Each structure stands twice: as structure tokens, then as C-alpha cells.
Amino acid sequence: MVSRALVWLRNDLRLGDNPALDAALARGGTVTAIYIHEKDTAQRLPGGAAQWWLEQSLSFFAQQLAKAGVELLVQTGESKDLLPKIAKDLKPEVVFWNRRYAPSERECDAHIKAELRQSGFTVTSFSGNLLLEPWQVETGSGGPYQVFTPFARALRQKGVPAPLRLRESKANTSSASQDTYKRPAQPHWAEKMAGLWDIGEEAGYGHFHDFLDETVKTYAESRDIPGKHGTSKLSPYLRFGEVSVRQLWHGALHYGEQHTSLSSGIEKFLSELIWRDFHYHQLYHRKDITRYDMRDAISHIEWHDNSTAFDAWTKGQTGFPIVDAGMRQLWATGWMHNRVRMLVASLLTKNLLIDWRRGEEWFWDTLVDADIASNPGSWQWVAGCGMDAAPYFRVFNPVVQGERFDAKGTYIRQWVPELANMPDKWIHKPFDAPEDIREKAGVTLGTNYPQPIVDLKSSSHRARSSKNADHNDLFA
């Protein structure tokens, strides 16, 4: 009788450095992989943009798996019901998966593991998606870290395990082909995003190699300039596990050893990978960070329910050019530059006093890299209630930030074309420009570009104050 292994795929759609898949292939015999489009609303389901990426990624991965002799099954339903049923139908000797870390995910996995073991299956889970497991990095007292710098120091001292070498498959040749995956109906924005991204493991590592060869030399500085191609853009590939974070870590380290002049960019990149682990550290050790503040630093805030302002923010019609550029980039591409993410989040939470959760939910639905830890972790950081967060009274001024990081207005002109003819001096503050300057540039405030929806000075002052009851007059 031929042995069979079942691999439950989640955020690990790759062949390389995939511990669960590697363990299954090492056994020989028949290997079946399954992906379940989750319908259990107790878990956080992917937003529309992420779902679009996922569909493309699964299609590519099905072809890779078939070449390795692995059949991919894709089903829709609640995993706690489907996986035990599939295991009973296929009768594998072992079931493998790589671990997840959100409270609802861990609860689901523990329930399934217990049920499968009770039914006589051997179930093993692995560390497959982080540099180190959240419980492997502890303070001196044995608790979780709240500050990034000592967390990063401790993680580096522990050391990141080497990625697994891609083994030659010992699995039986399968009759599976890419046709085993039938792509479901596209989300409504799929058409406009098609062609903007290369998706899958090969594309992800291609981006990484391009980053090392071309971008890392100026990464420490240019990553803050939204008008430049200065970031790695690896976040969606990490989100779906198309690339291994440990492979990126060791690949960057090795490259840095060979090119010592690039140490600044390499170190900044490694720091960003640690930040990702830091967010997962919080996700694992705290109550659901998508709903609960990690700290009570902003418990005094009375959030403002302003649907008109929120709608203008989502559409890139706030009257603040760099914010509007970011929101339009997000809607058009499913991605936004990291510096601009901070600016749009600050305007929403500090100037408009709209609950960070509403902004986080919008990002969750529209970002292709919407990550279950990094998305809420970053929003809480800007709002002032996250771990290692800037003080609540720190408010990013979108005009000052725009002039600093997009001095020539390159980013603005790309995403807010109605301001394309504004002089550099005024492109970040068209509302302050002399009337004749605006007229010459073809800009009519309130007609083809909005007036600012909030007064920056007074709303920033209010954000820094502990009292904010009388604020209705601050909104345009």
C-alpha cells in the first residue's frame, strides 16, 4: 500500500523552504496538498485585493506542485469541517502544515489537530513563515517584548535558522495538472490590476534579486521617496508565503558579505524583516490586535463618526495632495508606498479623529499585501496605541512631509494629474497658492480639485490635546 501525506497550505504558497511540504516530499509516496478558501467568519477572511492575488498565486502554484508530483485540491468552506472530512476520504498516514499565529487561527488549528489525532492521524506543524517563532524571543523575565530595539537585538542574538534546501521530490508522479485548480469568479477590481504584478514564487525571488542588484545600494534613503522605485515591493510575496522570509534574510546577509559597501541598505532591509516578526510577536501574545488597542494611550479619544470625511479619504479627495496620491495609488494598484501609508493613516486618525480600525479595515480590503499582523500593527503604531509607537501627540503634517519626501512633486503628478501643472513650490499646498498661479495651472479648488477637508493647524492642536469634545467646527 502506497503511503500518503496531506499538506494543508495557508500562507506558504512556495516550494522552497516550505517545512510542511518538505517533510511530506521527504517521505516519498503520494503527496496531496489542499488549500481551503475559508468561510469561518470567526477567522479574518482575505479582503478583495488579497483574494485577487491569492487566486492568481494558487493557479501558478498548482503548476509548480504538479511538476513535483503533488496534487493540489482547492475547496471552499470551513476548514474545521472540511479538513477532517478530506483526511477521512484520503486516509493519509500524516497531515502537515506550517503554523499560523492569530488567536482565531491558533484556536482553529488546535481544534483540527485534536480531532485528527483522535481519529488516528499523525499531525505535525512547523515553523514556516517567520524568522523565529513568537515564543522563541523573550525578555529577561520571560515575557513578550513591547519595544522594537531590544526585540531586534534579542532576535539577532538568537540567530535565524538557515532555510531548507529545495529537495528533489520523492513523491510519486501524480496525474494532477493545473486543471485541478479552477479559479473562482474575480473580484470586481481584478481587471484593472491584471498586468500590474508578476505573481508567484519565481516572480517573488526575481524581485528580490533585482532589489539586491539595483535598489539596495540606495535603499536606506530612497525607500522614503515615493516618487522613486526605492522599495523592495516584496510585501505581497511575503504575505502569501511565495517567498521565504528566512531565505530573504540569509540571502541579504550573504549578499552584504560579498558587497560590504552596501551594508547600510542591507541592514535597513534586515531591520524591516525584523519589524514583520515584531508585529507577529504582538499578534501572538495579545488580544486580537485588529480590534483592541495594544496600549491604553489613546483611550481618552472620542472618535468622530464622519462618513463624509471618511469617504473623501478613501477616494483620494481630501485636498491634501500627497494623501490623495497615496489613496489613489492604493485603489489603482492594490499597494501604497510605506511613507505615504503613515501619512494617510495620520490624517485619518489624528486630524479627522476617525477610528484607526476603520482605516485598517479599508486597507485590509484594498491592499494586496494586507497582512494579519503588519496591517493592524502599523495602524496602531501611527494611531499611537501600538507597541513601540510614536507618542500620540506626534502628528504627521502632509504638506511638510510632501515637501520633504516628494520635493519636485513627482509622485503627486503621477497620481493626482489635475495638479500636474502646479509649480513645485505650491504642488503640496495648492490651497495656499495665489489665485493667478492656480488659474495658470488649471486648478480650481472646489471644482476640479477639492478644498482641504480639515484645517491642519487646529486639528493638529486638538490631536495633541487631551480634550477633544468641541471639534465639529474643525471639519470643512
- Loop-resident chymotrypsin sites (Phe, Trp or Tyr not before Pro) in the range 392-468 with no more than 14 other Cβ atoms inside 10 Å, DSSP not H/G/I/E/B, are 393
- Rounded to the nearest 500, what is the 222 nm mean residue ellipticity of the chain from helices alone, with -39500 (n - 2.57) per DSSP H run of 4+ residues and division by all residues? -13000 deg cm²/dmol
- Per the 1/(1 + (r/R0)^6) rule, R0 = 45 Å and r from the Cβ atoms of residue 297 and residue 122, FRET efficiency to 0.05 is 0.45
- Task: Would you please put 235-246, 191-202 in order of how densely packed they are, using the mean number of other Cβ atoms within 10 angstrom per residue and starting with the highest?
- Result: 235-246, 191-202
- Query: Can you give the extra length, in nm with one decimal, that the chain gains between residue 408 and residue 91 once fully stretched, where that is 0.36 nm per residue apart less the Cα-Cα distance?
  - Reply: 107.8 nm
- Mind checking which lysines have their Cα closer than 18 Å to the Cα of residue 457? Skip sequence neighbours fewer than 8 apart in that chain. 350, 429, 467
- Suppose R0 equals 30 Å; then what is the FRET efficiency for residue 424 and residue 268 from their Cβ-Cβ distance, rounded to the nearest 0.05? 0.60
- Restricting things to alpha carbons, find the Rg to Rh ratio for the range 307-474 using the Kirkwood radius for Rh. 0.96
- Task: Restricting things to alpha carbons, find the Rg to Rh ratio for the range 89-152 using the Kirkwood radius for Rh.
- Result: 1.11
- Query: Under a 5 Å amide H to amide H cut-off, with H placed in plane at 1.01 Å, what residues pair with residue 71 once short-range neighbours are removed?
  - Reply: 31, 33
- Item | Set of lysines with alpha-carbon distance to residue 85 below 22 Å, sequence-local pairs under 8 removed | 39, 113, 182
- Among 129-135, 216-222, how do they line up from the highest to the lowest mean number of other beta-carbon atoms within 10 Å? 129-135, 216-222
- Message: If packing is taken as the average count of other Cβ atoms within 10 Å, what order do 362-369, 203-210 fall into, highest mean first?
- Response: 362-369, 203-210
- Message: At a threshold of 8 angstrom on Cα-Cα distance, excluding pairs fewer than six apart, so keeping six or more, what relative contact order does the range 307-474 reach in percent?
- Response: 25 percent
- Message: If you average the alpha carbon positions of the range 318-375 and of the range 8-41, how far apart do those two centres end up, in angstrom?
- Response: 32 Å
- Query: Once the convex hull of the C-alpha atoms of the range 234-347 is built, how many Å³ does it hold per residue, rounded to a whole number?
  - Reply: 157 Å³
- Note on the structure: Ratio for the range 4-127, C-alpha Rg to 2.2 N^0.38 Å, reads 1.00
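Read-outs throughout are calculated quantities, based only on the coordinates presented, and are distinct from any laboratory measurement. The model shown is predicted, which means the values in this text are computed figures rather than measured ones. Reconstructed Cβ throughout: ideal geometry from the backbone, glycine too, with neighbour counts over all protein chains shown.
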